[in-house]
Amino acid sequence: MQLENKISYEIIGACYEVHSRLGPGMLESTYQKCLLFELNELGYKTESEVFLPVTYKNMHIDHAYKADIIVNQKVIIELKAVEAFSDAHSAQLLTYLKMSNLRLGLLLNFNVKSMKHGIKRIINSKATPK
């Protein structure tokens with residue numbers, strides 16, 4: 001978990017950078033592109049709009065869900081530009097973490113006056129270490 005914590009710390013720093021330059025009110029896709037730029041500048045391997053599979057009973061679904069950003073195959077980022085987080089947002093990210101067997105996710109809402117109010121860490125305590 002130490003590596004995930006280091007990555008999340010730097011992701012949050014990059015979020016503050018993007019938010020301080022753009023502020024609230026942009027489209028989610030704008031924040032996503034800017035955050036990807038910042039993370040790549042920090043040297044992270046990022047994947048965006050990643051379709052991930054799910055197996056249901058004996059049926060395999062290739063494109064079951066789409067993660068906004070995955071960083072170094074360790075942290076999932078779910079981006080929002082909404083008035084406030086809902087329980088559904090947290091549940092969505094936790095489901096993504098469970099399905100991918102990743103331990104840490106960040107729910108990020110850029111439509112806030114201060115970025116400190118737009119960050120929520122979600123932990124998948126059932127993930128098995130890789």
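Read the figures in this text as sums done on the coordinates, not as results from a lab. If you're wondering where the values come from, they're calculated on a predicted model, not measured in any experiment. Please note: Cβ atoms are built from the backbone with ideal geometry, for glycine as well, and neighbour counts cover all protein chains shown.
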With criteria (1) touching a strand residue (DSSP E or B) at 6+ places or on another chain (Cβ under 6 Å); (2) within 25 Å of Leu3 (Cβ to Cβ), Glu28 comes up short on (2)
Scanning region 94-129 for residues that are crowded, with 16+ Cβ neighbours inside 10 Å and basic (Lys, Arg) gives Arg103, Lys120
query: Can you spot a residue in region 24-41 that is free of Cβ contacts under 8 Å to residues at least 24 places away in the same chain and either under 11 Å from the mean Cα position of the chain (by Cα) or part of a loop (DSSP other than H, G, I, E, B) (or both)?
result: no
Checked region 71-118 for anything of a type in the set (Val, Ile, Thr) and within 10 Å of the chain's Cα centre (by Cα); matches are Val71, Val75, Ile76, Ile77
Lys116 passes all but one of the listed conditions (1) part of a strand (DSSP E or B); (2) of a type outside the set (Gly, Ala, Ser); (3) free of Cβ contacts under 8 Å to residues at least 12 places away in the same chain; the exception is number (1)
